[in-house]
1. I'd like to verify a number: residues in the stretch 1-31 that are aliphatic (A, V, I, L, M) and in contact with an Asp or Glu (Cβ under 6 Å, 6 or more places away or on another chain), how many?
2. Which one of Lys311, Lys299 is more than 20 Å from Gly230 (Cβ to Cβ), modelled with pLDDT of 95 or more and basic (Lys, Arg)?
3. Restricting the first residue to the stretch 314-342 and requiring it to be farther than 14 Å from Leu379 by Cβ, which pairs with a second residue that is surrounded by 17 or more Cβ atoms within 10 Å (Cβ to Cβ) and small (Gly, Ala, Ser) meet a Cβ separation below 7 Å and a spacing of at least six or different chains?
4. Return the residues of the stretch 6-26 that are more than 13 Å from Gly89 (Cβ to Cβ) and of a type in the set (A, V, I, L, M); say none if nothing qualifies.
5. Could you list, in sequence order, the residues of the stretch 22-56 that are part of a loop (DSSP other than H, G, I, E, B) and in contact (Cβ under 8 Å) with a residue 60 or more places away in the chain?
6. When you check Ala118 against the structure, is it among the hydrophobic types (A, V, I, L, M, F, W, C) and over 19 Å from Leu387 (Cα atoms), yes or no?
7. I need the full set of residues from the stretch 90-112 which are in contact with a Leu (Cβ under 9 Å, 6 or more places away or on another chain) and part of a strand (DSSP E or B), in order please.
8. In the stretch 345-386, which residues are within 18 Å of Val190 (Cβ to Cβ) and open to solvent by 70 Å² or more (accessible area, probe 1.4 Å)?
Amino acid sequence: MYILVINSGSSSIKYQLFPKHSDQPVCNGLIERIGQTGGRITHEIFKTGAAQTIKLEQSVKDHEAGMQALAGLLTREDIAVIADPAQIGTVGHRVVHGGETLTKPTIITAEVKEKIRALYPLAPLHNPGHIKGIEVAEKLFPSATQIAVFDTAFHQTLPDKAYRYAIPERFYKEDGIRVYGFHGISHQYVAGEAMDWLKNQQAKLITIHLGNGCSMAAVSAGNCIDTSMGLTPLDGLVMGTRSGAIDPSVLLYLQQQKGFTAEQLNELLNKQSGMLALAGYNDMRDISRLYQEGAPAAKLAYELYTYRIKKFIGAYAVALNGLDAIVFTAGVGENDALTRELVCRDMEVLDVRIDIAKNQLREKGLRDLSLEDARTRILVIPTNEELAIARECRTLKDNTHTGA
Ligand code: ADP
């Protein structure tokens, strides 16, 4: 039997298929531009030694068509990884927002779907795509157990002083306005890997997820005690196209003095800000090239980006009252040596001292970049949200069967 992990977004579906008892996927893939022109499916198979990649340029009308194409690829005779879709015993779904009630991996029922729908106002860009993915998966794999794993769940251990905003309580009670935090599956996964590597399950860690979206978490003995994103994934760090933290009065000013509508403010802060606004690009590879060429805008962008991260490290080291390791992960964190160097420079106060040569090496897997005699470890740990979801599904099913 197999576990299919689905990350269904508004216009894309990412997936990975794992044998029930293995962490090694047999295939993975990405279906892009659903409902738009220029649809594309990339499917990678790892079954026979070297990976084989299939690329299909085809329009994908909707999520149902996308999932059907996926099911077709899994069983297509020349590249089949399974003989029958009924071999998929579990479908694990990444769900961005679980609110305050969906705090653990959960078997999906009609009631659970209702709760995910009720959170649409808090996650309008994400939860509707997840529901589509879930409903199509229920149709295509009717005998499979459908399980939801939530990106907000890891942050539900935050104390109220970290998750409440200093506004009247009714906005929390009636509207659910509080810090939820995101990227939780990734933070939890790399924190777990770091604790195992450090052989210290009590470790005090700061995990730094730097992808298109960027967030940080302060983790003590496996529990998240603070995180940088808030009600939505807009708060905190500077990101590819998002501003991160900004004085709320900027919004009032733009609204009152410049006539911005809510829609325009949303577009400005989510899509036209961050590194794109500062450097003209949102992909760190482009900005890094410009930085090396000496472009002042790229320099400022890097400085702002890394200074914000440094400030959170300072804050979280104090919140944790100690620090065993900082962990870099996701696209930028795993690949961009310049970001890591600028973040870790001038942090002797926390005994964070980076080995510049090690930092430049392009190695795979977990890496320790700190100088040997430094007390605080600087780790790079590749994230693997799909694997984390597959493991959660396994645990939940095992516990369900044993009645635990
Ligand atoms: P997502 O948040 O979509 O999961 P990823 O974790 O895949 O994103 O990160 C994507 C980002 O990682 C890209 O926008 C790019 O800025 C950055 N990135 C990827 N590869 C590299 C690299 N080799 N060097 C620097 N940055 C990279």
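The values are calculated or read from the model by the stated rules, or taken from the named source; none is laboratory data. Computed from a predicted model, the values in this text were never measured in an experiment. Reconstructed Cβ throughout: ideal geometry from the backbone, glycine too, with neighbour counts over all protein chains shown. Please note that ligands, DNA and RNA were not included when accessible areas were found on the heavy atoms of the full protein model with its side chains. Shrake-Rupley method; radii C 1.70, N 1.55, O 1.52, S 1.80 Å.
1. Residues of the stretch 1-31 that are aliphatic (A, V, I, L, M), as a first pass: 1, 3-6, 13, 17, 26, 30-31.
With in contact with an Asp or Glu (Cβ under 6 Å, 6 or more places away or on another chain) added as a condition, the list becomes 5.
Counting residues in the stretch 1-31 that are aliphatic (A, V, I, L, M) and in contact with an Asp or Glu (Cβ under 6 Å, 6 or more places away or on another chain) gives 1.
2. Working: Lys311 fails: more than 20 Å from Gly230 (Cβ to Cβ).
Going through Lys311, Lys299 in turn, the sole match is Lys299.
3. Tyr316/Ala218; Ala319/Ala218; Leu320/Ala218; Leu320/Ser220; Gly331/Gly211; Val332/Gly211; Asp336/Ser288; Leu338/Ser288
4. Residues satisfying the conditions are Ile6, Ile13, Val26.
5. Here is the first cut: in the stretch 22-56, the ones part of a loop (DSSP other than H, G, I, E, B) are 22-26, 33-39, 46-51.
Result: Asp23, Pro25.
6. Taking the combined requirement at face value, the residue satisfies it.
7. Across the stretch 90-112, the qualifying residues are Thr90, Val91, Gly92, Val95, Thr106, Ile107.
8. Matches in the stretch 345-386: Glu363, Lys364.
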